[in-house]
Amino acid sequence: MTRFIIFLIVLAAPGARAAAPALDRASAETGLADKDFHNRRKTVDELGQAPGAWKMDLLKRSLSDEDPVIRQKAARLIGRSKDGAAYGILAEALNSTDTVTRLGAMDGLRDLGDKRAAAPLSALLGSGDRNTRWKAAETLGALGSDSAVPALRRAAVSDKDRFVRKSAVESLGRIGTPAARAALNALKAGPDPEVSLWAGNVLKTLKK
């Protein structure tokens, strides 16, 4: 009797359980077509761990899901995949009329770290949506591309939203190149006392 009980305990132990089979395309497509958004979210999470280039097509399709959480998850997973197709998919998503998809694409591009994104992100600093401008400024700082310096400096001076202006100043500090430092010094010497203060504080951190 004792041996039988021990045998059952061993079978129930986590290490004794068979590993879950890897998600295949057919199962993923079924999961993404489920009417319950909880099941679709689970499938998208599983896609992040799935092998095979086919998953990029399904993640791209998920950028159009009616659930905003799924759209955001898909964008992040595309960026983290480091797949060769990731940049093109996310750059296209930047043009979406849906704000959540656009912001998710910026998160994905930040995770991807491809500096080609500096150009389209700089263009988004002129967006009519405040959240888009703020996120674009933040993402440009994370990418660290020198080519974004002029656009960030303009945003720091002229954007109508103070949080966007502050984000632009801080991103110049994150870039930290000689061109970015020069822009910060110009902002520090500029007429806007608030921007001048932010720029001065960022320059102090760069000297440490």
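Laboratory data are not the source of any read-out in this text; all were calculated from the coordinates shown. Since the model is a prediction, treat every value here as computed from it, not as a measurement. Methodologically, a virtual Cβ is constructed for each residue, glycine included, from the backbone with ideal geometry; neighbour enumeration extends over all protein chains shown.
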Part-to-part distance (alpha-carbon centres) for the stretch 92-132 and the stretch 43-89, which is given in Å: 16 Å
Set of aspartates and glutamates near Lys166 by C-alpha distance (under 15 Å), chain-local residues within fewer than 8 positions excluded: Glu138, Asp192, Glu194
The chain - charge dipole about Cα centre, Lys and Arg +1 at Cβ, Asp and Glu -1, debye rounded to 20: 800 debye
Pair Asn201, Lys82: separation of 7 Å Cα→Cβ label points (nm): 3.5 nm
Leading residue at positive end of dipole, the stretch 128-208 (Cβ point charges), from Pro150, Pro191, Gly128: Pro191
Distance violations [Cα-Cα > 20 Å] among Lys115/Lys135; Lys35/Lys135; Lys135/Lys207: Lys35/Lys135; Lys135/Lys207
Hz values of 3J(HN,Hα) by residue in the stretch 47-63 - Karplus curve (6.51, -1.76, 1.60), Gly and Pro given as x: 4, x, 9, 6, x, x, 5, 4, 5, 5, 5, 6, 5, 4, 4, 5, 5
Karplus-derived HN-Hα couplings along the stretch 132-147 (A = 6.51, B = -1.76, C = 1.60, θ = phi - 60°), whole Hz, x at Gly and Pro: 5, 5, 4, 5, 4, 4, 4, 5, 4, x, 5, 6, x, 8, 4, 5
Convex hull volume per residue for the stretch 125-208, taking Cα atoms only, in Å³: 73 Å³
Kirkwood Rh, Cα atoms: Rg over Rh of the stretch 26-113: 0.93
